[in-house]
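Each remark here refers to the structure printed beneath this line.
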Amino acid sequence: MRGAGFRRLWALWGVGVFLLPLTPHASPLTPTAAAPAALDVDEVVARVEAICAKTQDLSARFRQTVTNRSLGAVREGGGSFRLKRPGKVRWEYEKPEPRLFVTDGKTLWDYSPVDKQARAQALDEVFSSRLPLAFLAGDCQLRRDFAITPVDHAATRGSASFMILDLTPKRPEAGIARMLLEVNLQGYTVEKTTLFDAAGNTTVIALTDLKLNSGLSDQQFQFTPPAGVTVVTPPVR
């Protein structure tokens, strides 16, 4: 994954992932009261935004499915994920092959053990959109940046257990045309995020085994290339 594909992955993860772990601040296992029978979109979004603002770090397992609409190709992956505000991210693919992406908030590393190559790039050079950096920094103002409507179909109509939100950027954003969030109304967790690019390709991200605000150390977001690994530094755009 190089060039445009590399930047696209980070754009999608930067926005999508930080919206996923919106569980109660105390603990993802804390019981919550049953959701009211009828909540409007503004109430749900306000609660999601409030919990997002309280989340400082998380670790989880992730599953990712990327679908190329024109080719009809589906690529699946999974592994472990850690995030710490502001701007620190570490995710490690175990499938389909080992791959590490890690940033300390300044430098982004892409390390492939298979290729024995590590790519280093300034984080602010990776994004062609301001939204990913804003979310990673803790900016949770969804209603400022997106037009938000509920998705109404047979599975969601009248349900008090979950709501699907359809988010469209209010301003053109590179790599992000639309985003669906499946919100569990028992704890205001976003259990699944589906992101669409301008061509209709989709990236679906789901997290499990969430641990929030556990005090992740900064050392977990540092990277030193192993001996024998070739380091590549792309030109500054």
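No lab work stands behind these numbers, since they all come straight from the coordinates. Everything numeric here is computed off the predicted structure, so don't read it as measured data. Here the Cβ positions follow ideal geometry from the backbone for every residue, glycine too, while neighbour counts run over all protein chains shown.
Please rank T224, T193, fewest neighbouring Cβ atoms within 10 Å first, as an exposure proxy.
T224, T193
Can I get the semi-axes of region 47-140's equivalent ellipsoid? Compute them from the C-alpha gyration tensor as square roots of 5 times the eigenvalues, in angstrom, largest first.
Working through the eigenvalues yields semi-axes of 24, 18, 15 Å.
Counting only residues 5 or more places away or on other chains, whose amide H sits under 5 Å from the amide H of F146 once H atoms are built in the peptide plane?
Excluding prolines and chain starts, which carry no amide H, the hits are K170.
Tally Lys and Arg at +1 and Asp and Glu at -1 over the other residues with C-beta under 13 Å from the C-beta of S217: what net charge comes out?
For residues surrounding S217, the net value is +1.
Please list 78-84, 136-142 highest first by mean number of surrounding beta-carbon atoms within 10 Å per residue.
Order by mean packing, descending: 78-84, 136-142.
If you build the convex hull over the alpha carbons only and average its shadow over all orientations, what do you get for region 188-237? Give it in nm² to one decimal.
Averaged projected hull area, Cα only: 7.6 nm².
Suppose R0 equals 30 Å; then what is the FRET efficiency for A46 and D209 from their Cβ-Cβ distance, rounded to the nearest 0.05?
Here the calculated transfer efficiency is 0.65.
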